[in-house]
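Worksheet: one structure, shown below.
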Amino acid sequence: MKKLLIPLALAILAGPSLQCRKEQSAGYSSTGAQLLQGARHYFEDSVAGLSVGSASSSSNLRISGSKAPLWADARTLVIGSVKAVVVPVRYGAALHVRSNFCGEKLFDLNELTRLLVYEDDRGRYHAEVITAFPDSLALRGGSGGFTGILLVEDWAGKRLHQYRYLADGSVLQAGSPDRFLGKGAGIAGVSGNTVTPDIVFTTCYEIDGYNYAEGDEGDGYAWSEPAGCSSEYYPVSASLAAVGGVGAGGYGSIAGGITGAYTINVATGGAAIPNVKAYFGCFTNSSSIDHTYTVTVCVAQPVAGTRAPWSFTKGGPTGSSKSGNPVNVGHSFLIFQENSAGTVITRNVGLYPAGLVNPFFPSDQAQLRNNENTDYNISLTYTVSNSQFFSMVNYVETGGSPGYIYNLSTNNCTTFVLTALGAGNVTLPSTIGHWTGGSGYDPGDLGEDIRSMPLGPKMSRNTVETKHPNTTTCN
């Protein structure tokens with residue numbers, strides 16, 4: 001894990017929801033658990049079985065790919081006078097997307113998509129899929145609400161609405177304003193004079209997707225879809241909605257979430273390793289007696305000597321938010337060392353997300369970084385065979401591959417360390433930690449597991465940091 005930035009607003013992405021054009025006035029109850037049951041019955045009876053029609057032939061896997069709602073994780077809420085159910089959506093394939101309005105951040109599409117089923121004031125059910133693509137400001141939690149582009153579609157992928165949410169709280173809608181302003185809207189005046197227009201500057205938004213093939217990341221399928229240009233969006237009231245509907249403000253509240261809580265963002269550290277094979281290229285695989293190999297697990301605990309998964313830096317949450325000081329979640333990394341007849345080769349390496357991740361956007365393309373200047377407070381060193389050493393190195397090299405995904409809960413820096421050791425048949429105690437919005441291996445628990453474990457004959461523990469620079473260069 002790495003250092004985190006903590007904004008004052010917690011961004012809970014409730015992603016896309018489904019709206020089916022079909023409406024149903026059913027006898028389902030609309031309170032509590034019965035609302036959830038009614039929404040599920042409506043979806044399964046009237047929406048799930050509908051043909052996706054032309055969308056099935058779309059080259060856009062976000063539209064044509066198989067998907068299913070996760071009803072076990074559904075939640076109910078009230079948006080104005082509308083009673084609604086929001087359900088996470090799981091795609092059948094591993095689909096990842098990035099946009100040109102959120103840097104290089106790679107999102108798991110499951111993180112962005114929700115099914116919305118709601119009951120209007122006439123007792124009719126509607127189903128919509130909401131896909132909310134945050135911009136870089138939303139990812140950092142700096143606006144106090146959702147900012148970015150939100151798509152509203154039916155289950156088959158037909159676009160119903162498209163909104164852009166700005167940092168000042170205003171909302172823009174894509175499309176023709178005449179469609180919404182009614183017959184009273186029109187051209188104020190017409191001139192017979194020829195007009196030479198000034199240059200019009202516009203920013204166009206794009207979403208790029210990729211289906212990473214499990215175990216064969218290079219054999220995937222890419223697609224791209226436009227998300228409109230700035231000149232195609234016009235202002236719309238956040239409260240404007242059809243009678244009994246959700247409206248732009250309602251969709252934004254689902255995507256933007258709850259204010260007053262904290263968003264913890266994991267930031268990167270250390271220099272990126274552009275070519276990991278070259279980085280490890282000095283190592284030689286030899287079983288001769290003049291070659292020895294060690295692997296050291298280094299852990300920077302958020303609070304030294306405790307299992308705390310994270311801590312505030314000096315100044316607390318206010319200082320962290322206002323001054324930009326990161327929140328400390330610690331980090332786990334590895335030091336590989338070969339001694340060849342007195343010539344010592346050392347390489348430090350740790351796993352990071354390529355961009356920011358947090359409990360609500362936990363995934364991104366992984367990236368390997370050089371941790372030679374990274375502090376730690378406890379370490380464990382193994383003397384290993386050349387075979388074990390290179391099995392670990394070979395696994396670590398995969399961490400820089402396109403399609404190798406960092407996940408805050410399931411494949412973070414500590415998970416990576418434990419898995420790399422396992423590739424060389426080296427095991428460590430591994431306690432699962434828990435934090436807001438997630439759980440998994442973490443530096444706090446790993447440090448305490450190392451502190452309390454019995455040591456074998458080829459193991460040494462150190463609770464005082466020593467300098468660990470990379471040594472030796474080679475062609």
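Where a number appears in this text, it was derived from the coordinates with a stated rule and is not lab data. What you are looking at is a predicted structure, and each value in this text was computed from that prediction instead of being measured. Virtual Cβ from ideal backbone geometry, glycine too; neighbours counted across all protein chains shown.
Per the Debye formula on identical point scatterers at the alpha carbon atoms of the range 411-475, with no solvent, log10 I(q)/I(0) at q = 0.22 Å⁻¹ is -1.09.
Rounded to the nearest whole Hz, the Karplus-based 3J(HN,Hα) values (6.51 cos²θ - 1.76 cosθ + 1.60, θ = phi - 60°) of the range 76-81 follow the sequence 9, 7, 10, 10, x, 9, with x at glycine and proline. If the segment from Gln37 to Ile289 were pulled out straight at 0.36 nm per residue, it would be longer than the present Cα-Cα gap by 83.8 nm. Between Val384 and Tyr293, Thr294, Val295, the built amide H atoms are under 5 Å apart, and every one of these is 5 or more places off in sequence or on another chain. Note that the range 360-366 has calculated 3J(HN,Hα) couplings of 9, 10, x, 10, 6, 4, 7 Hz, one per residue in order, obtained from phi through the Karplus relation 6.51 cos²θ - 1.76 cosθ + 1.60 (θ = phi - 60°); glycine and proline are x.
At q = 0.10, 0.16, 0.18 Å⁻¹, what base-10 log of I(q)/I(0) does the Debye formula yield for the range 269-462 when every alpha carbon is treated as an equal point scatterer in vacuo? Results for the range 269-462 at q = 0.10, 0.16, 0.18 Å⁻¹ read -0.41, -1.02, -1.27.
Of the trypsin sites (Lys or Arg not before Pro) in the range 99-159, which ones lie in a loop per DSSP and count no more than 14 other C-beta atoms within 10 Å? Within the range 99-159, the qualifying trypsin sites (Lys or Arg not before Pro) (loop, at most 14 other Cβ atoms within 10 Å) are Arg122.
Subtracting the Cα-Cα distance of Ser385 and Asp121 from their residue separation scaled by 0.36 nm leaves 88.0 nm. Using the Karplus relation 6.51 cos²θ - 1.76 cosθ + 1.60 with θ = phi - 60°, the per-residue 3J(HN,Hα) values for the range 97-104 come to 9, 9, 10, 7, 10, 9, x, 9 Hz, with x marking Gly and Pro. A Förster radius of 22 Å, combined with the Cβ-Cβ distance separating Ser81 from Ser170, puts the computed FRET efficiency at roughly 0.45.
Protection proxy ranking of 357-370, 420-433, by the mean of other Cβ atoms within 10 Å over each peptide's residues and highest first, is 357-370, 420-433. Amide H contacts of Ile79: Ala84, each under 5 Å away and 5 or more positions distant or on a separate chain (H built 1.01 Å from N in the peptide plane; Pro and chain starts excluded).
Remark: spin-label model distance Cys229-Glu44 equals 4.7 nm, labels positioned 7 Å along the Cα→Cβ axis. One chain, two ends: Ser59 and Asn275. Fully extended at 0.36 nm per residue, the span grows by 74.5 nm beyond their Cα-Cα distance. The H on the amide N of Asn377, modeled in the peptide plane, is under 5 Å from the matching H of Val299, Ala300, Gln301, each at least 5 residues off or on a different chain.
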